[in-house]
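Following: one structure in structure tokens, then a few remarks.
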Amino acid sequence: MIASIAGEVAVRRSGHVVVETAGGVGYRLSVSAETLRHVPAAGGSVSLLTHLSVREDALSLYGFATEEELGLFELLVGVQGVGPKVALGVLGAGTPRDVIGAIAAGDVRRLQSTPGVGKRIAERIVSELRAKVGVDSPDDGSIVVTRSDEPHELARAGLLQLGYEPGEADTLLSAADGATAEELLASALKGARG
């Protein structure tokens, strides 16, 4: 798993950056408009947290300026019908605190202002994530993304990390047996192999 990438910005464009590491390898990372604001011009140094999406036909790397934005991205792609491109669009609508505030407030209209997000998807984001996100106001001004500790949700998140689509993950887990997230995940993967 690639957790982060640090190096020199080789390319900085709307929607993606290329970061060249010390080994001379350039990594293309899709980024939100919010993360792009934190990336310096070409030639500058940057360090980004990453999410690797594995699909049958592609490996895609996504970059994030903050842990909060990465956590929110992972929650968003866990919503049925929300892919990485739509999740980046939602994240580009403001700071992670703004987006979490919109979800917590049930502000469907604000979410709908994101390209690719219709009323049905915006309502699904609110209904599925409202209880999972929380806004704290600690002295340092940071936000906290809370996640469910329920085994089924943790196993589902694990399947999504492994590249399964939300619908596939739900189908696999519906037939899985186990009391812990680890047992559910192992059972679901065993079922996937047939």
Between the modelled labels at V18 and E56 (7 Å from Cα along Cα→Cβ) the distance in nm is 3.0 nm
In terms of Cα to Cα distance under 14 Å, which aspartates and glutamates are near enough to K132, apart from those fewer than 8 places away along the same chain? E68, E74, D149, E150, E153
Could you work out how far apart the two model spin labels at E67 and A41 are, taking each label as a point 7 Å from the Cα in the direction of the beta carbon, and quote it in nm? 3.3 nm
Under 19 Å from K85, Cα to Cα: lysines that are on another chain or at least 8 residues apart: K119
Have a look at segment 151-193 and give its Rg and Dmax from the Cα atoms, expressed in angstrom. 8.5, 23
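What is the sum of charges around V46, taking Lys and Arg as +1, Asp and Glu as -1, for the other residues whose C-beta is under 11 Å from the C-beta of V46? Numbers along the way, then the final one.
Working: positive: R12; negative: E8, E20.
Net local charge, V46 excluded: -1.
If each residue's Cβ is checked for other Cβ atoms within 10 Å, how do D177, D170 rank with the fewest at the top? Mind showing how you got there, number by number?
On the way: D177 11, D170 15.
Listing D177, D170 from fewest to most nearby Cβ atoms yields D177, D170.
Could you pull out the trypsin sites (Lys or Arg not before Pro) across segment 1-56 that fall in loop regions by DSSP (anything but H, G, I, E, B) with no more than 14 other Cβ atoms inside 10 Å? Display every interim value, and only then the final one.
On the way: sites: R12, R13, R28, R37, R55; in loops: R37.
Counting only loop positions with at most 14 other Cβ atoms within 10 Å, the trypsin sites (Lys or Arg not before Pro) in segment 1-56 are R37.
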Any idea what Rg and Dmax come out to for the chain if you just take the C-alpha atoms, in Å? 17.3, 51
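In terms of the Cα gyration tensor, with a ≥ b ≥ c the square roots of its eigenvalues, is segment 4-64 rounded because a/c is under 1.5, prolate because a/b exceeds b/c, or oblate?
On the way: a/c = 1.93, a/b = 1.32, b/c = 1.46.
Judged from the Cα gyration tensor, segment 4-64 comes out oblate (a/c at least 1.5, b/c at or above a/b).
Using Cα pairs under 8 angstrom and six or more residues apart, how large is the relative contact order of segment 1-137, in percent?
Values: 231 pairs, mean separation 24.8, N = 137.
Dividing the mean separation by the residue count of segment 1-137 yields 18 percent.
Each value in this text was obtained by applying a stated rule to the coordinates, not by laboratory testing. Since this is a predicted model, take the numbers as computed values, not measurements. Note that each Cβ is placed from the backbone with ideal geometry, even for glycine, and that neighbours are counted across all protein chains shown.
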